[in-house]
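The values are calculated or read from the model by the stated rules, or taken from the named source; none is laboratory data. Just so it is clear, the structure is predicted and the values come from calculations on it, not from any experiment. So basically every Cβ, Gly included, is an ideal-geometry build from the backbone, and we count neighbours across all protein chains shown.
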Amino acid sequence: MNIGVVLKYWPRLWSGLQLTLLYSAIAIALALIWGLLIGAVSHRRPPILGWITKAYICFFRETPLLVQLYFLFYGVSRYLSVPAGMIGIIALVLNDGAFIAEIVRGGLQSLDPGQREAALSLGFTEMQTMIYFLIPQAWKKVLDSLINMMSIIIKDTSMLMWITICELTYQCNQVNIYSFDPITAYMFGAAVYLALFLIVQSVRRLIRLRGDQKEKREKILPANGNGKGAAAT
């Protein structure tokens, strides 16, 4: 890899990286919210919404992201004046949100049905039961999968170059055009995506480590309390 080429075109590469991080952050936040909502609806399977969410998840999971981007960019934009950046965010949220919805649905289905019944018997509504009891427990089960989806969303932003968004992959391609050095241009892009992936995985391990430490403390405290009670007796 030619460091001179990287330094020469660094402003271009830096601007592309900034756009990649911006679109990734927005898409991750919105896709998590959207996927959580759709996953909860898919789990409960109401009469009409259940079929709609099933069709939505099937369509966006089984069709390529690039096709969805082209459909929204060239199709919808033909009738509505929507900026390319917003089209890109919508496509990422709809596509990756469908995968997140299935992860959330699987996590909810893995819970003991008795927990829902117990919450309802205590007077909680279906909505309150979902928000205060089921989703927090399912969240722990699917946390690793959701963090992995964040890595996927970051990589998916590279597809936005095809709808004129000058993110990192687009800028790497431009560097290749101007420098005639594809190895340096694309190796730099790959290295940046790999670094972002490693950062996300480090966060995942940190969250998992803290969660394990919290569980250990929760197990130790009741044990100490029982020991003190026995000693007092």
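As for region 83-98, it holds at least one residue that is under 25 Å from Gly211 (Cβ atoms) and either in contact with a Gly (Cβ under 9 Å, 6 or more places away or on another chain) or free of Cβ contacts under 8 Å to residues at least 60 places away in the same chain (or both).
Listed here are the residues, each with its yes/no results for (1) surrounded by 17 or more Cβ atoms within 10 Å (Cβ to Cβ); (2) modelled with pLDDT under 95.
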| position | (1), (2) |
| --- | --- |
| Lys8 | no, yes |
| Ala29 | no, no |
| Tyr79 | no, yes |
| Ile89 | yes, no |
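Show me the helices (runs of 4 or more DSSP H) entirely contained within region 106-156 in which 3 or more residues are modelled with pLDDT of 85 or more and either of a type in the set (Ser, Thr, Tyr) or within 19 Å of Ile28 (Cα to Cα) (or both).
Details: elements: 113-121, 126-129, 135-156.
Because the criterion is at least 3 residues that are modelled with pLDDT of 85 or more and either of a type in the set (Ser, Thr, Tyr) or within 19 Å of Ile28 (Cα to Cα) (or both), the helices (runs of 4 or more DSSP H) in region 106-156 that meet it are 135-156.
Identify, please: which residue in region 40-66 is of a type in the set (Val, Ile, Thr) and outside any helix (DSSP H, G or I) and is, among those, nearest to the chain's Cα centre (by Cα)? Result: Thr63. Which residues, counting only those in region 8-39, are closer than 18 Å to Cys166 by Cα, outside any loop (DSSP other than H, G, I, E, B) and touching a helix residue (DSSP H, G or I) at 6+ places or on another chain (Cβ under 6 Å)? Result: Arg12, Leu13, Gly16, Leu17, Thr20, Tyr23, Ser24, Ile26, Ala27. Residue count for region 37-49 satisfying the condition of being surrounded by fewer than 21 Cβ atoms within 10 Å (Cβ to Cβ) and touching a Gly at 6+ places or on another chain (Cβ under 9 Å): 3.
The set of residues in region 81-105 being under 14 Å from Glu167 (Cβ atoms) and over 11 Å from the mean Cα position of the chain (by Cα) consists of Ala84, Gly85, Ile87, Gly88, Ile89, Ala91. Could you tell me whether region 108-115 includes any residue that is of a type outside the set (A, V, I, L, M) and surrounded by 14 or more Cβ atoms within 10 Å (Cβ to Cβ)? The answer is no; no qualifying residue exists. Out of all the residues in region 57-82, which are over 23 Å from Leu22 (Cα atoms), touching a residue at least 12 places away in the same chain (Cβ under 8 Å) and aliphatic (A, V, I, L, M)? Hit for region 57-82 is Ile57, nothing else. Looking only at region 159-188, how many residues end up being assigned to a helix (DSSP H, G or I) and in contact (Cβ under 8 Å) with a residue 40 or more places away in the chain? Final tally of qualifying residues: 18.
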